[in-house]
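Below is one structure, written out as structure tokens; comments come after it.
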């Protein structure tokens, strides 16, 4: 059974291909279009998935769509579509999604649609290593559900309870994302990174915004929120309660901002832990699966595992709307196949496109860039890369199939030496051009992780934080509260693992700083051409492009300036399919 899972037309579109229960390919459209959080029909990702599977469109048995358009339309009409514009009017047609699949993709076969939160839940449970598990999903909103409590066993997945819009943990957190001057639907992870700098002195005050029952239920006090009526997330009542005005984007951080971020994070964690206790009381067992945008809060995930009642946790690595395509595909697979053939667990996310070294060589020849060629000489390549890292160079690293999801996991990464005391400031200011408070994550050899972190299990997707307890001084990856968000590396990316091994042999340190290969406001790079462009724009020291090494000092005179000029004139990476209202208000259409 060949099933194309698809999520689109909301926050971030993506496709995946499931063939006989095996995930063959998955990619987000933003990586191809270079438009961050691109919600449009994922035409390029669709083509990639077919190509990766060696299929033509008429060989697909089904397209599985990740939500029910009719139910979503009902909620949109009820909520009044805040921020809607004329461009959004086609989305008011419940047949719009199917018509696009038919007309723009040319698909004439079976289309199955599944509820948004059921797709989230399926993306976590069916790809987990568990045969039985409790399942919690939480995000801004799907059709009507914002939080669901479920149970999975074998091929069965059941939603037991739901909390409905407008009462939402995701919208609660996004409200303070906006209050702190960050873009909604994009800057929530900044709030999480800011929180350790403050004290949760406002947490008690923030509990007035939420009523929570001893069962699964909770509700927002809508007097403090304005996302149903206006053009921002919060009402004047929230400003009065907090006693400080919202921070304007780009303004300096105040002590109040640090404390507000700490307080919001604290309240979210307390509610999640409470509701997970309720879920455990109802479902029992040792295993918990999480999905939905709230599940990308890796600080909360770490506390859920350490303080909650479940022994084991699986977080779907593309937990946001892009990963909904995985769940829709799995649900279609079980509906069409019955209980005979299951879905294989998700062991890695290297599911995107890759380029052969000869293809990279052709691109470099066309550009005229000077590059050192290490084809068929991997050991020499890795030795050179380790030399560069020891010399405190910051590298763009492009190797193998692209990762699916928001984390760079050693295929499209920027790498640096974690022992360098200046590396964090250099990365934030010079390379990534982002806020100074932002932390960086480490990749570490799986078998050595327990020696450097309070971590007793694999964490291959970089989705939980834990305390650093290393004998090494690791300023590059240790956050202000002594925590880190590690990626444990086993054998699913052999070249990346060998690089870590070579670095350990030379330095005694089995880890590297690993951040995403992009600059602020752009998607992670996809192609070699994207990597070359970002290499220049980010002012990296070196680019390792598959088997080729390019040093910035070898760039022709004026090359970087031309790249920057092209970007400033309106390259795809500088565009966003929306207006300013969407950055201050959660997108409901």
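Could you please let me know if residue 264 is more than 21 Å from residue 149 (Cβ to Cβ), outside the structural domain of residue 6 (by TED's automatic domain parsing), in contact with a helix residue (DSSP H, G or I) (Cβ under 7 Å, 6 or more places away or on another chain) and at pLDDT 95 or above?
yes
Write out, first by first residue and then by second, each pair whose Cβ atoms fall under 7 Å of each other, whose residues are 6+ apart or on separate chains, and whose first residue, in the stretch 15-27, is outside the structural domain of residue 63 (by TED's automatic domain parsing) while the second is not in a loop (DSSP other than H, G, I, E, B).
none
Being within 16 Å of the chain's Cα centre (by Cα) and in a loop (DSSP other than H, G, I, E, B) is the filter here; which residues of the stretch 2-40 pass it?
Answer for the stretch 2-40, where residues must be within 16 Å of the chain's Cα centre (by Cα) and in a loop (DSSP other than H, G, I, E, B): 8, 10, 11, 12, 13, 34, 35, 36, 37, 38, 39.
So how many residues does the stretch 148-161 have that are surrounded by fewer than 18 Cβ atoms within 10 Å (Cβ to Cβ) and part of a strand (DSSP E or B)?
Looking only at that region, the number is 6.
When you scan the stretch 96-142, how many residues do you find that are within 26 Å of the chain's Cα centre (by Cα) and in a strand (DSSP E or B)?
Qualifying residue count for the region: 9.
Of everything in the stretch 70-104, what is surrounded by 20 or more Cβ atoms within 10 Å (Cβ to Cβ) and either more than 16 Å from residue 11 (Cβ to Cβ) or at pLDDT 85 or above (or both)? Give them in sequence order.
Result: 72, 97, 101.
May I ask you to say which residue of 145, 138, 195, 203 is more than 25 Å from residue 75 (Cα to Cα), buried (at least 24 other Cβ atoms within 10 Å of the Cβ) and not assigned by TED's automatic domain parsing to the domain that holds residue 440? Even if it seems obvious, please write down each step before you answer.
Working: 145 fails: more than 25 Å from residue 75 (Cα to Cα); 138 fails: more than 25 Å from residue 75 (Cα to Cα); 203 fails: buried (at least 24 other Cβ atoms within 10 Å of the Cβ).
Residue meeting the stated conditions: 195.
The values are calculated or read from the model by the stated rules, or taken from the named source; none is laboratory data. Here the structure is a predicted model, which means the values were calculated and not measured. Heads up, the Cβs are rebuilt from the backbone with ideal geometry, glycines too, and the neighbour counts pull from every protein chain shown.
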